[in-house]
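Chemist: First the structure, which I've put down as structure tokens, then a few questions once you've had a look.
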Amino acid sequence: MQKELIRMRGRDKFGRFLPALRLLETMLRPLPRPLLQWLWVLSDGLPELAGVAFRYCLLRRLAKSCGDNVLVGRSVELKYPERMTIGSNVSIHKQCYIDAYGGLMIGDEVSIAHQSSLVSFQHTWSDASLPIRDNPVAGGMIRIGRDVWIGCGVRVLAGVDIGARSIVAAGAVVTKPVGSGVIAAGVPAKAVKRIDGQAAAAWPRGDAGARG
């Protein structure tokens with residue numbers, strides 16, 4: 001039984017345990033949001049598979065909407081999850097920081113590698129009478145299209161759209177829209193080539209691509 005589970009893909013495991021997951025989700029429904037957030041932190045102490053299942057059920061309660069087969073690893077910090085929309089077949093790996101203050105939309109078939117950050121706000125500094133940290137913050141929606149792979153240690157900043165079927169290379173800092181079907185890399189990130197192997201210069205710019 002255990003070897004069979006190891007060989008199964010995540011979405012196959014999800015389908016197998018879906019009735020139990022829905023039951024757990026129903027049991028969590030009466031709990032207040034602060035308690036759910038506390039349970040989110042405690043879930044890091046659970047065994048791997050149990051932790052993934054429990055965090056999925058918590059996310060279904062905390063997020064604005066959440067699809068099927070969503071994997072969230074240990075030590076993922078969520079801020080303002082009620083402003084977050086997540087599709088199906090999504091993985092958010094260990095030690096990511098997700099802040100949906102300005103709104104966050106993640107499409108289907110998205111993978112976000114470990115230690116990445118999605119920050120949908122930025123500090124302002126126009127009021128010189130206040131320290132910068134005490135100036136108001138400005139939100140900016142982040143939209144990640146379908147079939148996107150975000151490498152480890154990526155930083156996605158407020159107001160960014162990432163088009164469908166794109167890759168953001170490890171360590172990139174995304175400050176501007178990324179088009180569909182490209183590989184983006186660097187600080188700040190820019191398209192360096194198309195997924196189909198063509199140079200980025202051969203790809204028409206200015207298209208933020210399909211939104212999730």
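Chemist: Which residue, of 127, 108, is among the acidic types (Asp, Glu) and modelled with pLDDT under 95?
Modeler: 127
Chemist: Looking at the structure I just gave you, is residue 75 of a type outside the set (D, E, K, R), under 15 Å from the mean Cα position of the chain (by Cα) and over 17 Å from residue 104 (Cβ atoms)?
Modeler: Answer is yes for this residue.
Chemist: Still on this model: Among the residues of the stretch 168-178, what is the count of those that are assigned to a strand (DSSP E or B) and surrounded by fewer than 22 Cβ atoms within 10 Å (Cβ to Cβ)?
Modeler: 1
Chemist: Next question, about the same structure. Name the single residue, out of those in the stretch 41-82 being free of Cβ contacts under 8 Å to residues at least 12 places away in the same chain and in a loop (DSSP other than H, G, I, E, B), that is most open to solvent (accessible area, probe 1.4 Å).
Modeler: Looking at residues that are free of Cβ contacts under 8 Å to residues at least 12 places away in the same chain and in a loop (DSSP other than H, G, I, E, B), I get 47.
Chemist: I'd like the residue in the stretch 128-145 that is under 14 Å from the mean Cα position of the chain (by Cα) and in a strand (DSSP E or B) and, out of all such residues, is surrounded by the fewest Cβ atoms within 10 Å (Cβ to Cβ).
Modeler: 143
Chemist: Filter the stretch 146-167 down to residues that are touching a residue at least 24 places away in the same chain (Cβ under 8 Å) and open to solvent by less than 10 Å² (accessible area, probe 1.4 Å) and give me whichever is nearest to residue 102 (Cα to Cα).
Modeler: That would be 156.
The values are calculated or read from the model by the stated rules, or taken from the named source; none is laboratory data. All values derive from a computational prediction rather than experimental measurement. So basically every Cβ, Gly included, is an ideal-geometry build from the backbone, and we count neighbours across all protein chains shown. Keep in mind that these areas ignore ligands, DNA and RNA; they rest on the heavy atoms of the full protein, side chains included. Shrake-Rupley method; radii C 1.70, N 1.55, O 1.52, S 1.80 Å.
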